[in-house]
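Contents: one structure, followed by commentary.
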Amino acid sequence: SMGANGLLSTSTREKAPRIVYPPEGAHVELGTGPDGKPLPLVVKLQAGRAPFRWLANGVPLGDRSRSRTTQWTPEGIGFSTLTVIDAAGRAASVGVFLQ
C-alpha cells in the first residue's frame, strides 16, 4: 500500500499550476456582446492538480473546477489579478490590464 512517502513523491513530480492565458502583464481588450455588456475572458491553465479554485482580485469565481479553462466576466476595465490554487495548495497568479 502507498504511504505518505508515495504521496509525497507523486506531488513533487507533478508540476505546479501555471496560468498560460492571459500572460503576465498582458493588455487584454474586452469584447462586448450585442447587449453592450463585456464578454467573458477565457483563462487557461497548465499543470497543477485538479480540482482548481479560481480567484479574480481575491474573490473566488464559483466552485472548484476540474477544468483547466474557465471564463471570467470582469466588472470593468483596469488592472486585475487572476489567481488559481490547485488541490495541493499551490497557487499561480497573473496581473493583467483590461481595456
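The values are calculated or read from the model by the stated rules, or taken from the named source; none is laboratory data. Remember, it's a predicted structure, so these values are computed and weren't measured experimentally. Cβ placement follows ideal geometry from the backbone for every residue including glycine, while neighbour counts extend to all protein chains displayed. In case anyone asks, the SASA skips ligands and DNA or RNA and just uses the protein heavy atoms, side chains included. Shrake-Rupley method; radii C 1.70, N 1.55, O 1.52, S 1.80 Å.
Would you confirm whether or not the stretch 16-26 contains a residue that is modelled with pLDDT under 95 and open to solvent by 70 Å² or more (accessible area, probe 1.4 Å)? Checked against the condition, which is being modelled with pLDDT under 95 and open to solvent by 70 Å² or more (accessible area, probe 1.4 Å), the stretch 16-26 yields no hits at all. Inspection of the stretch 51-64 identifies no residue that is surrounded by 15 or more Cβ atoms within 10 Å (Cβ to Cβ) and out of contact with any strand residue (DSSP E or B) (no Cβ under 6 Å at 6 or more places or on another chain).
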